[in-house]
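Have a look at the structure below before the remarks.
The numbers here are math on the coordinates, done by the rules we state, and not lab data. In this text, all values refer to a predicted model and were calculated from it rather than measured experimentally. Positions of Cβ are generated from backbone atoms using ideal geometry, with glycine treated the same way; all protein chains shown enter the neighbour counts.
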Amino acid sequence: MKKALRNTVVIGLVVGGVILAVFAGWRYAGTASTAVASADIIAQGRQIYADQCAACHGAELEGQPGWRSPLPSGRLPAPPHDASGHTWHHPDDVLFRIVREGTAAVVGGGYESDMPGFADVLSDADIRAVLDYIKSTWPERERRYQERVSEAN
């Protein structure tokens, strides 16, 4: 009897672990979650960033000079994506939508931005890889804050 009970408990733990792993994987696939990305995904994101983002946001994620002050056009320069910027203040779903749809589409209300949407250029997986790369460069404090913001959202 004890052996049967032990086997039942072990099977229950294995099934529970599988369910948890499936749920965690589903959540990451659907939301660009804060789960730690693989080195391959981060490398892919680094390359996509270099090809698509660095011209405006800087090769070292430093953003354009004076990014907090409007340009003569009234638009803001591209912000940094390193810890000195504000990217880490936003939840994953907002960051994903900004890259996919463009800042003006996400902010709304007639807001104008030089940040275009990349839906026609990058796949959803590419966008997640870029965000995973950016997040991989942040210090622990910023990553943890951004994880909490994303989970609360």
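A few comments on the model shown:
- Footprinting exposure proxy ranking of Tyr111, Tyr133, fewest other C-beta atoms within 10 angstrom first, gives Tyr111, Tyr133.
- Karplus-derived 3J(HN,Hα), 6.51/-1.76/1.60, for each residue of region 84-100, Hz, glycine and proline x: 6, x, 10, 4, 5, 7, 9, x, 3, 5, 5, 4, 4, 5, 4, 5, 6
- Overall, region 32-152 carries a charge dipole of about 300 debye about its Cα centre when +1 sits on the Cβ of Lys and Arg and -1 on the Cβ of Asp and Glu, all other atoms neutral.
- Overall shape: rounded for region 32-152, with the ratio a/c of the largest to smallest alpha carbon gyration tensor axis below 1.5.
- Applying the criteria of a DSSP loop state and at most 12 other Cβ atoms within 10 Å to the GluC sites (Glu not before Pro) of region 28-130 yields Glu60, Glu112.
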